[in-house]
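Q: This is the structure I want to talk about, given as structure tokens.
The values are calculated or read from the model by the stated rules, or taken from the named source; none is laboratory data. Treat the numbers as computed from the prediction; the structure is a model and nothing was measured. Counting neighbours? That spans all protein chains shown, and the Cβs are built from the backbone with ideal geometry, glycine included.
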């Protein structure tokens, strides 16, 4: 197709938005796949309501999918949109504040009638004026009626025809960005293989949308985004929950211990359990327990009996699991608990992101009850950190909490697929026969301080463990005061020894120190990195120190902090990591930048804050 | 071939048993240590396959006294821990020790779900109708009106009948015994071990300190034979010192009759069918209470059904047979991928 006014862009942020039944997640995913396939850097974030089907046409029922693609590696799904597809007035209303001044807005004109406007709570007949966006480039496309017209001969009923309107909208976007449709057509054929008439209708709607955009000359210019210069290799798209599940499976393969996951469904972590449940082909055993407590207790039982055991949850579930986590600490069994954090407290904001479970992970148990705390920081590196959490748990005979969050769990990005040969072996300290003098369940190796793992069913290793304080060597019950002191001390020392086995902390930016050090942890990495990179391009003296290993902290942490004049700790909570750093390294002054809106940082608010601190 | 000949002494640990003198737990420990050599011999289980898991409470100290693998868990969660052990390694013979508070109050949810799943674990429920370790508060099996430290004016809660709960949760095995009836307990435990699936053996146990003689009105030595009935599959439901009392069906319920009186003959007496999948009669037996009825002991229900652990193993095997993905490398490269050159 001839292209007259084609403009090359480096970056585009596009958001698909509509009713939660409008297929916006699917539309966004298909756009993402094609963009990734064309070699762009991509990052995505789905944003859906807590209700499955909130009242149609209302702002609370709006479901969105945002993606950011560019001619370079993309670190965040973007803050403000270049293109918004709004399938109804509510979608426009919900997203108007996220539009760039130069944004193109594509609306389904058919839904902008009196009824639709009223449902979305507009007071006048001109929603654009009401939202203050009347000067924007708004494409009034009668998407529903054009889809109906295009599919008049499809033989499908009206409901099925209207369902294809998302493909019409996608077709418009494909024209706008000069995207080929083959990849999407192949997907449609696969997805609707058993219903060829539905597949045909979807493909036809896609094409009709594309042709509509072309024929009506709706856009003054179309755009192209060149492929990014990405590392060579085979890529796939992956979200954080899938990556976490696969990282656990990888740790299971490398350790030779079968994977067991006892869990209870909870947003936004459920997808990990679902992903593991699929993998019986790799011998994964999953048990959907009767509650969160049974989830972790079945995992503790499986760990005792020799599995690599994990339990997946979110904040409220972590609260319920706390007593059992204490048992795993006392019994010194390998276990990984992944908490995909969401807005809290209580039920809070189940579908929104937050980093407010850090203190709970570190301290939320009775007694002095230390364990290892780590965090994934991008959708794809959840694979790596799930693997490492498994390695540490299995080799150090210790529970590990992996703190992900809703943002990276649901967000996706292209991932260069690693070869398992790049990953280290995992060697758990399994004992297979009783040494001379008898088996001592709590005898430890000197380096890691890990006790031995004696699996039930192994001859001559019969022993008893439990939640009562253990004798320092025999593991039998001991109420001796001095013994208790030794055990409390060694449980902490054992966690701190993990610092010898994790990599040194890295700094993005000035290695020799400077004006401002931005400190973050977990899922805020992409935003903090983008903001820091942007300011460094403007020659500002700002660097980033972003943590994945939280307890213990990397050994060179204080050394890094000491080189900077100002430290600002940025987190999506009220300052939990900052307070933790004050406990660990009290000699530094920690400034804070915190946000508790259930949303990620925006790069704009970060750069504004950093600029203010640099003054 | 495993050499599976053991004696009770092979299952005694070196730990000093710290239950109160006269506590019913001693007798249950004795019965278990007698049952395991039989279980090992009959099922060809070697010593290291026995694993005991418990919750919290007096009875939950049990694993420390057994020379087997043992895990003393946290309050109420023994069923969940035991489930995990069994799923991880189905070859193990997994035993769960719980009291009435542990299994039916704080652990009630895990108890019914372990039974519903029919996971092959053997639950021994020590029922003394009281919280002993916390020194005498009422439990979910305490009799209505029971005066305890937390019910100084008598409880106003209806108690559970554990067997009823087991049947309600679709249980496949339920037996009941008395702590003092060591042989009956042992027989029940051997049957429980041989049963494929979740088994519950309730042992009515005496707490000499906080609830002494709670079962006495039917368990007392002088009248035990007249006030209890020990059921055996395929045998008529006859009881009494003189073996002259029996159970018959009348209308929709059970009735106690005396053989030779009122025209009742031995052939009229119901024959116990523990293997009947229909829980109707089992439910009536479970709910028999003195003085209207004798209290039922022995294996009341023992029916075959698919177990969770076996179903899971089979599912894994079946999926693996035709699996296209056989390694993590293959998993990572499955589905949609693209190459950047």
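Q: Picking from A:76, A:27, A:44, which residue would you name as being assigned to a helix (DSSP H, G or I), touching a helix residue (DSSP H, G or I) at 6+ places or on another chain (Cβ under 9 Å), in contact (Cβ under 8 Å) with a residue 12 or more places away in the chain and not assigned by TED's automatic domain parsing to the domain that holds residue A:343? Let's see the steps before the verdict.
A: Details: A:76 fails: assigned to a helix (DSSP H, G or I); A:44 fails: assigned to a helix (DSSP H, G or I).
None of the others qualify; the one that does is A:27.
Q: Right, another one. Pick from the range A:331-364 the residues that are touching a helix residue (DSSP H, G or I) at 6+ places or on another chain (Cβ under 8 Å) and assigned to a helix (DSSP H, G or I): which of them is nearest to the other protein chains (Cβ to nearest Cβ)?
A: Once the filter is applied, the top-ranked residue is A:331.
Q: While we're on this one: Output the residues belonging to the range A:58-90 that are crowded, with 22+ Cβ neighbours inside 10 Å, over 24 Å from residue A:527 (Cβ atoms) and over 23 Å from the mean Cα position of the chain (by Cα).
A: Residues satisfying the conditions are A:86, A:87, A:88, A:89, A:90.
Q: Is it the case that some residue within the range B:205-217 is assigned by TED's automatic domain parsing to the domain that holds residue B:279, part of a strand (DSSP E or B) and either closer than 15 Å to residue B:298 by Cα or within 22 Å of the chain's Cα centre (by Cα) (or both)?
A: Taking the range B:205-217 as the starting set, the residues that turn out to be assigned by TED's automatic domain parsing to the domain that holds residue B:279 are B:205-217.
When the remaining residues are screened for being part of a strand (DSSP E or B), the result is B:207, B:211.
Right, trim to either closer than 15 Å to residue B:298 by Cα or within 22 Å of the chain's Cα centre (by Cα) (or both) and you get B:207, B:211.
The answer is yes; a qualifying residue exists.
Q: Among (1) in contact (Cβ under 8 Å) with a residue 60 or more places away in the chain; (2) within 20 Å of residue A:30 (Cβ to Cβ); (3) assigned by TED's automatic domain parsing to the domain that holds residue A:149, which single condition is residue A:218 missing?
A: (2)
Q: Counting only residues that are more than 7 Å from chain B (Cβ to nearest Cβ) and surrounded by fewer than 19 Cβ atoms within 10 Å (Cβ to Cβ), how many does the range A:446-459 have? Even if it seems obvious, please write down each step before you answer.
A: Let us first name the residues in the range A:446-459 that are more than 7 Å from chain B (Cβ to nearest Cβ), namely A:446-455.
Checking the rest, the ones that are also surrounded by fewer than 19 Cβ atoms within 10 Å (Cβ to Cβ) come to A:446-448.
Of the residues in that region, 3 qualify.
Q: Just checking, does the range A:269-280 include any residue being over 21 Å from the mean Cα position of the chain (by Cα) and farther than 23 Å from residue A:495 by Cβ? Please lay out each step first, then the result.
A: Within the range A:269-280, the first condition is being over 21 Å from the mean Cα position of the chain (by Cα), and the residues that meet it are A:280.
Adding the requirement that they be farther than 23 Å from residue A:495 by Cβ leaves A:280.
Yes, that holds for at least one residue.
Q: Moving to a separate point now. With the range B:235-341 as the region, which strands (runs of 3 or more DSSP E) entirely inside it contain at least 2 residues that are more than 28 Å from residue B:161 (Cβ to Cβ) and without any contact (Cβ under 8 Å) to a residue 24 or more places away in the chain?
A: Values: elements: B:245-250, B:253-258, B:295-302, B:338-340.
Where strands (runs of 3 or more DSSP E) fall fully within the range B:235-341 and carry at least 2 residues being more than 28 Å from residue B:161 (Cβ to Cβ) and without any contact (Cβ under 8 Å) to a residue 24 or more places away in the chain, they are B:338-340.
Q: While we're here: Please go through the range B:66-107 and give me each residue that is assigned to a helix (DSSP H, G or I) and surrounded by fewer than 24 Cβ atoms within 10 Å (Cβ to Cβ), ordered by number. Spell out how you get there, then give the answer.
A: The first filter runs over the range B:66-107 and keeps only residues assigned to a helix (DSSP H, G or I), leaving B:78-88, B:100-106.
Across the range B:66-107, the qualifying residues are B:104, B:105, B:106.
Q: Working carefully through the options B:73, B:101, find the one that is more than 19 Å from residue B:174 (Cβ to Cβ) and touching a helix residue (DSSP H, G or I) at 6+ places or on another chain (Cβ under 8 Å). Explain how you work it out, then say what you get.
A: Details: B:101 fails: touching a helix residue (DSSP H, G or I) at 6+ places or on another chain (Cβ under 8 Å).
B:73 is the lone residue from the list that is more than 19 Å from residue B:174 (Cβ to Cβ) and touching a helix residue (DSSP H, G or I) at 6+ places or on another chain (Cβ under 8 Å).
Residues checked against (1) within 14 Å of residue B:101 (Cβ to Cβ); (2) crowded, with 24+ Cβ neighbours inside 10 Å:
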| site | (1), (2) |
| --- | --- |
| B:119 | no, yes |
| B:150 | yes, no |
| B:155 | yes, no |
| B:169 | no, no |
| B:177 | no, yes |
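Q: Residue under question is residue B:322, and the condition is that it be within 14 Å of chain A (Cβ to nearest Cβ), modelled with pLDDT under 95 and at negative phi; does it hold? Write out each step before concluding.
A: Values: within 14 Å of chain A (Cβ to nearest Cβ): yes; modelled with pLDDT under 95: yes; at negative phi: yes.
The answer is yes for residue B:322.
Q: If you check A:479, A:484, which single one turns out to be more than 22 Å from residue A:301 (Cα to Cα) and within 14 Å of another protein chain (Cβ to nearest Cβ)?
A: Details: A:484 fails: within 14 Å of another protein chain (Cβ to nearest Cβ).
Step by step, each of A:479, A:484 is checked, and only A:479 is more than 22 Å from residue A:301 (Cα to Cα) and within 14 Å of another protein chain (Cβ to nearest Cβ).
Q: Another question about this same structure. Quick check on my filter: what residues within the range A:580-604 are in a helix (DSSP H, G or I), out of contact with any helix residue (DSSP H, G or I) (no Cβ under 9 Å at 6 or more places or on another chain) and surrounded by 15 or more Cβ atoms within 10 Å (Cβ to Cβ)? Spell out the reasoning first.
A: Step one: of the range A:580-604, the residues in a helix (DSSP H, G or I) are A:580-584, A:603-604.
From what is left, the residues that are out of contact with any helix residue (DSSP H, G or I) (no Cβ under 9 Å at 6 or more places or on another chain) are A:582-583.
Passing the criteria: only A:582.
Q: Something else: Residues of the range B:65-100 being more than 7 Å from chain A (Cβ to nearest Cβ), closer than 16 Å to residue A:323 by Cβ and in contact with a strand residue (DSSP E or B) (Cβ under 7 Å, 6 or more places away or on another chain), which ones?
A: Start the filter on the range B:65-100 by keeping residues that are more than 7 Å from chain A (Cβ to nearest Cβ), which leaves B:65-66, B:75-76, B:78-79, B:86, B:90, B:93-100.
Restricting the remaining residues to those that are closer than 16 Å to residue A:323 by Cβ gives B:75-76, B:78-79.
Of everything in the range B:65-100, those that are more than 7 Å from chain A (Cβ to nearest Cβ), closer than 16 Å to residue A:323 by Cβ and in contact with a strand residue (DSSP E or B) (Cβ under 7 Å, 6 or more places away or on another chain) turn out to be B:78, B:79.
Q: Evaluate the range A:507-522: report whether one residue or more is over 24 Å from residue A:589 (Cα atoms) and either touching a strand residue (DSSP E or B) at 6+ places or on another chain (Cβ under 6 Å) or assigned to a helix (DSSP H, G or I) (or both). Let's see the steps before the verdict.
A: Initially, the range A:507-522 is screened for residues over 24 Å from residue A:589 (Cα atoms), giving none.
There is no residue in the range A:507-522 that is over 24 Å from residue A:589 (Cα atoms) and either touching a strand residue (DSSP E or B) at 6+ places or on another chain (Cβ under 6 Å) or assigned to a helix (DSSP H, G or I) (or both).
Q: If you go through the range B:108-125 one residue at a time, do you hit one that is closer than 20 Å to residue A:335 by Cβ, free of Cβ contacts under 8 Å to residues at least 60 places away in the same chain and either within 9 Å of another protein chain (Cβ to nearest Cβ) or outside any strand (DSSP E or B) (or both)?
A: Yes, the range B:108-125 contains at least one residue that is closer than 20 Å to residue A:335 by Cβ, free of Cβ contacts under 8 Å to residues at least 60 places away in the same chain and either within 9 Å of another protein chain (Cβ to nearest Cβ) or outside any strand (DSSP E or B) (or both).
Q: Continuing with this model, one more query. Based on what the data block shows, is residue A:208 surrounded by fewer than 23 Cβ atoms within 10 Å (Cβ to Cβ) and either within 14 Å of another protein chain (Cβ to nearest Cβ) or not in a helix (DSSP H, G or I) (or both)? Working first, answer last.
A: On the way: surrounded by fewer than 23 Cβ atoms within 10 Å (Cβ to Cβ): yes; either within 14 Å of another protein chain (Cβ to nearest Cβ) or not in a helix (DSSP H, G or I) (or both): no.
Taking the combined requirement at face value, the residue does not satisfy it.
Q: Working carefully through the options A:205, A:201, A:220, find the one that is over 30 Å from the mean Cα position of the chain (by Cα) and modelled with pLDDT under 95. Please lay out each step first, then the result.
A: Numbers: A:205 fails: modelled with pLDDT under 95; A:201 fails: modelled with pLDDT under 95.
That would be A:220, the only listed residue that is over 30 Å from the mean Cα position of the chain (by Cα) and modelled with pLDDT under 95.
Q: Taking the range A:228-264 on its own, how many of its residues are farther than 19 Å from residue B:334 by Cβ and at the interface with chain B (Cβ under 8 Å from one of its Cβ atoms)?
A: Total satisfying the criteria: 6.
Q: Here is a list of conditions, (1) crowded, with 24+ Cβ neighbours inside 10 Å; (2) in a helix (DSSP H, G or I), and residue A:281 meets all of them except one; can you say which number that is?
A: Every listed condition holds for residue A:281 apart from (1).
Q: Something else: Which residues, taken from the range A:297-325, are over 21 Å from residue B:313 (Cα atoms) and more than 7 Å from every other protein chain (Cβ to nearest Cβ)? Reasoning before the result, please.
A: Of the range A:297-325, the ones over 21 Å from residue B:313 (Cα atoms) are A:312-325.
Passing the criteria: A:312, A:313, A:314, A:315, A:316, A:317, A:318, A:319, A:320, A:321, A:322, A:325.
Q: Residue check: is residue B:34 at pLDDT below 95, surrounded by fewer than 24 Cβ atoms within 10 Å (Cβ to Cβ) and out of contact with any strand residue (DSSP E or B) (no Cβ under 9 Å at 6 or more places or on another chain)?
A: On the way: at pLDDT below 95: no; surrounded by fewer than 24 Cβ atoms within 10 Å (Cβ to Cβ): yes; out of contact with any strand residue (DSSP E or B) (no Cβ under 9 Å at 6 or more places or on another chain): yes.
For residue B:34, the condition - at pLDDT below 95, surrounded by fewer than 24 Cβ atoms within 10 Å (Cβ to Cβ) and out of contact with any strand residue (DSSP E or B) (no Cβ under 9 Å at 6 or more places or on another chain) - is not met.
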